[in-house]
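The next block holds one structure in the form of structure tokens; read it before the comments.
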Amino acid sequence: MKKIFILICLLNISFMYSQDKGCTISDIQLEIYDFTSSNLNEISKNINDRNSLIEVNIAIKNKNIQTIKYYLISPENNYTEKSESEIKIWKKLNSFITKTISDKIQKCPNLDYEGIKFRVPISEENIQKAITEVNSLKYILEQK
């Protein structure tokens, strides 16, 4: 009985630790938004409409990234619409996203998804709006 209790305690501590160490999709988004904001000129260099968003679509299997696809979409495109044209993004942004997601899914036991989809704004104003929205959602989820 003591072994089971200790195991449950360790699992709870592990779960709490992972929550505190940035193991949520919101934390991942915020890291990527920060990187994007710091490198906005390079990332948006070949994109005419700064109100567009880069949709990041990540397929994961057995805690390993299978594919990452990027789409340029309009802000009016909701998540139910299919993204049509895949794009190439700045190499360092791709590397940053790949490394960030890979590190998180390996270090965070609660990040066990088959796929992750989110959008990255490519103007400073829209990045700040997205950060505010993600932080608000994070706050609401933490209150539950």
For L137, only one of the following conditions fails: (1) within 15 Å of S38 (Cα to Cα); (2) open to solvent by 50 Å² or more (accessible area, probe 1.4 Å); (3) not aromatic (F, W, Y). What is its number?
(1)
Filter segment 58-70 for residues that are surrounded by fewer than 16 Cβ atoms within 10 Å (Cβ to Cβ) and over 14 Å from K99 (Cα atoms) and give the result.
A59, K61, N62, K69
Expected single match for closer than 22 Å to Q106 by Cα and β-branched (V, I, T) among I54, I28 is I28
Residues (outside any helix (DSSP H, G or I) and either at pLDDT 95 or above or more than 19 Å from the chain's Cα centre (by Cα) (or both)) located in segment 30-50:
N39, K45, N46, I47, N48, D49, R50
Check whether at least one residue in segment 103-113 is within 15 Å of the chain's Cα centre (by Cα), without any contact (Cβ under 8 Å) to a residue 40 or more places away in the chain and assigned to a helix (DSSP H, G or I), and report yes or no.
yes
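The values are calculated or read from the model by the stated rules, or taken from the named source; none is laboratory data. Values in this document were obtained by computation on a predicted structure and should not be read as measured data. Neighbour counts are summed over all protein chains in view; Cβ atoms, including those assigned to glycine, are modelled from backbone coordinates with ideal geometry. These area figures cover heavy atoms from the full protein model, side chains too; ligands, DNA and RNA do not enter into them. Shrake-Rupley method; radii C 1.70, N 1.55, O 1.52, S 1.80 Å.
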